[in-house]
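Comments concern the structure below.
The values are calculated or read from the model by the stated rules, or taken from the named source; none is laboratory data. Keep in mind the model is a prediction, meaning the values are calculated, not measured. For neighbour counting, all protein chains shown are included, and Cβ atoms are generated from backbone atoms with ideal geometry for every residue, glycine included. Areas reflect the complete protein model, heavy atoms only, side chains present, ligands, DNA and RNA absent. Shrake-Rupley method; radii C 1.70, N 1.55, O 1.52, S 1.80 Å.
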Amino acid sequence: MLITYLACLAFYSTFMCKQISVIVPAYNSEATIASCLESILAQTFTDLELVVVDDGSTDGTTVIIDDLARRDSRMTVIHQPNKGRTEARSVGVKMARGEWVYFVDSDDMLPTEALANLAHGISDNTDIVFGNGFTLPGEQRTHIPMDEFRHLAVRAEGTIGVPWGSLYRRVLMTPHLFDLPRHIMMGEDYIFWLRLVFSTEKPVSIIYKDVYCKGEEHTSNCFQWTAAYAYELNELRKKAIPSSQHETYMTDMINDRLANMLSVALWSPRSDWANSSFYKELLADMAVHGISLSPKARLFLSLPSLRLRRLYTWASEHLRRTGK
C-alpha cells in the first residue's frame, strides 16, 4: 500500500513539474479570441491549463470565452473590471497552478507544437525557456549564461522585451514584475523582462523554433513617444537594473535609450525634446562612455521639422525594403 502511494505521489509530482499554465488577457477581442483559445486547446502538449482573464470586455468576448470554458475543463475564466493588460496578466499568474507560465495575447495564435517544443527546454537548471531563438544574434546554443543574456535583454534583442514566446518558472512571477503605472503601455514588457532577468542566476534555455504566431500589432504602430514618457521609462529601467551594475550595462542602456530618442523625434517637434532631461542625459552619458551618434542618427535628429523626419524615415524604410 505504501509503495503504491509513493509511486502515485511520484507520478503526481512529475505531472505537476511539467504542467504549463497558459495565461491570456482579453479585452474586446471578439474577432480573434476564439481562434486564439482554440489554438491553445489544440496543442499536442496536453498537460496544460488555460487561464483567461476577461479584462472588462464590452463586446462579445465574454460570451465566447464562457462558451468555450463550458466545453473544456482545462479552462479557468476570471471576469474583472478593466484594469489593463499588465494587471490582467498579474491576476492570471495568481490563479495559475502550473510550475511554468506562458503568456498569449488574445489576438495571437500558437502553432500546434509550440508548447511541446518549449517543453524540451525545461530542466532544473533554468528558470526561463526562451522561444524564437532564431531572433537572437550569434550562433545557435542550447543555453546562454545569465550574465550574457542580461546584455541581450537590456538591448531588447530579438523577441526579448515581449512576454510572449517564452516559458517562465512561476515562482519568478512576483507582483513586482507587474507593478507599473497603468499609463506605461509602451515598454512595460521591456521592464518586465529586466526585472525578470535580474531575479535569477540560472542560464536561459533557448529553443530555435517558431513557437508563436503574432497577430497585427496595434500599440507600437500608433504609440506617440514623448521625451517625458521616455524619461519615465528610463527611470524604471534604471530601477530594474541594480545600481551596482549600471556601469556594466551602460552601453546597452545607451543603445536602447537612443532607439527611444529616435522614436521621440519621429513623433514630437524638436521644441519638445531638444532641451529635455531625457535627451540631455543621453548625450551626457554618450560623451562619458565615448559613444557617438551614427551619421544617419545625427542627420535625422538635425532635421528641423517633424515632417522632414517622418519623410526621412519613410524613405529609409522604403530603401531597406526595396533595395533601391
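Please specify each residue of the stretch 134-146 satisfying the condition of being in contact with a Ser or Thr (Cβ under 9 Å, 6 or more places away or on another chain) and farther than 16 Å from Lys214 by Cβ.
Just the residues of the stretch 134-146 that are in contact with a Ser or Thr (Cβ under 9 Å, 6 or more places away or on another chain), to begin with: 135-136, 142-144, 146.
Of everything in the stretch 134-146, those that are in contact with a Ser or Thr (Cβ under 9 Å, 6 or more places away or on another chain) and farther than 16 Å from Lys214 by Cβ turn out to be Leu136, Thr142, His143, Ile144, Met146.
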Quiz item: When you go through (1) under 20 Å from Ile191 (Cβ atoms); (2) open to solvent by 30 Å² or more (accessible area, probe 1.4 Å); (3) among the hydroxyl-bearing types (Ser, Thr, Tyr) one by one for Ser292, which number turns out not to apply?
Solution: (1)
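So which strands (runs of 3 or more DSSP E) stay within the stretch 74-163 end to end and still have 3 or more residues that are under 14 Å from the mean Cα position of the chain (by Cα) and surrounded by 21 or more Cβ atoms within 10 Å (Cβ to Cβ)?
On the way: elements: 75-80, 100-103, 128-130.
Per the criteria, 100-103, 128-130.
Take the residues in the stretch 302-324 that are out of contact with any His (no Cβ under 9 Å at 6 or more places or on another chain) and charged (D, E, K, R); name whichever of them is farthest from Val264 (Cα to Cα). Quick ask: steps written out before the conclusion?
Initial filter on the stretch 302-324 (out of contact with any His (no Cβ under 9 Å at 6 or more places or on another chain)): 302-323.
Adding the requirement that they be charged (D, E, K, R) leaves 307, 309-310, 317, 320-321.
Working: Arg307: 13, Arg309: 11, Arg310: 11, Glu317: 17, Arg320: 21, Arg321: 23 Å.
It comes out as Arg321.
Report, by residue number, each residue of the stretch 239-253 that is surrounded by 16 or more Cβ atoms within 10 Å (Cβ to Cβ) and in a helix (DSSP H, G or I). Break it down stepwise before answering.
Of the stretch 239-253, the ones surrounded by 16 or more Cβ atoms within 10 Å (Cβ to Cβ) are 240-241, 249-253.
Of everything in the stretch 239-253, those that are surrounded by 16 or more Cβ atoms within 10 Å (Cβ to Cβ) and in a helix (DSSP H, G or I) turn out to be Ala240, Met250, Thr251, Asp252, Met253.
Looking at the stretch 278-324, which of its residues are of a type in the set (D, E, K, R) and within 28 Å of Glu235 (Cα to Cα)? Spell out how you get there, then give the answer.
From the stretch 278-324, those of a type in the set (D, E, K, R) are 280-281, 285, 296, 298, 307, 309-310, 317, 320-321, 324; that's our starting set.
Listed by number, the residues that qualify are Lys280, Glu281, Asp285, Lys296, Arg298, Arg309, Arg310.
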Quiz item: Looking at (1) within 13 Å of Ser90 (Cβ to Cβ); (2) assigned to a helix (DSSP H, G or I), can you tell me which one Trp193 breaks?
Solution: (1)
Exercise. Answer yes if at least one residue in the stretch 266-279 is without any contact (Cβ under 8 Å) to a residue 12 or more places away in the chain and outside any helix (DSSP H, G or I), and no otherwise.
Key: yes
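Here's a check for you: in the stretch 196-233, which residue that is part of a loop (DSSP other than H, G, I, E, B) and among the acidic types (Asp, Glu) is nearest to Leu152 (Cα to Cα)?
Step by step, filter the stretch 196-233, then rank; the result is Glu201.
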Exercise. Among residues belonging to the stretch 296-312 that are out of contact with any helix residue (DSSP H, G or I) (no Cβ under 7 Å at 6 or more places or on another chain) and assigned to a helix (DSSP H, G or I), point out the one that is least open to solvent (accessible area, probe 1.4 Å).
Key: Leu306
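Among the listed residues Gln19, Gln43, which satisfies the condition of being closer than 15 Å to Cys213 by Cβ and open to solvent by less than 30 Å² (accessible area, probe 1.4 Å)? Outline the logic, then answer.
Working: Gln19 fails: closer than 15 Å to Cys213 by Cβ.
Among Gln19, Gln43, only Gln43 is closer than 15 Å to Cys213 by Cβ and open to solvent by less than 30 Å² (accessible area, probe 1.4 Å).
Do we find that Leu236 is closer than 28 Å to Asp124 by Cβ and either within 16 Å of the chain's Cα centre (by Cα) or not in a loop (DSSP other than H, G, I, E, B) (or both) in this structure? Walk me through it before giving the result.
On the way: closer than 28 Å to Asp124 by Cβ: no; either within 16 Å of the chain's Cα centre (by Cα) or not in a loop (DSSP other than H, G, I, E, B) (or both): yes.
Considered against the rule, which asks whether it is closer than 28 Å to Asp124 by Cβ and either within 16 Å of the chain's Cα centre (by Cα) or not in a loop (DSSP other than H, G, I, E, B) (or both), Leu236 comes out as no.
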Practice problem: Could you check how many residues of the stretch 144-169 are in contact with an Asp or Glu (Cβ under 6 Å, 6 or more places away or on another chain) and of a type in the set (Lys, Arg)? | Solution: 2
Quiz item: Looking at (1) modelled with pLDDT under 95; (2) on the phi > 0 side of the Ramachandran plot; (3) surrounded by 16 or more Cβ atoms within 10 Å (Cβ to Cβ); (4) among the small types (Gly, Ala, Ser), which is the one condition that is false for Gly56?
Solution: (1)
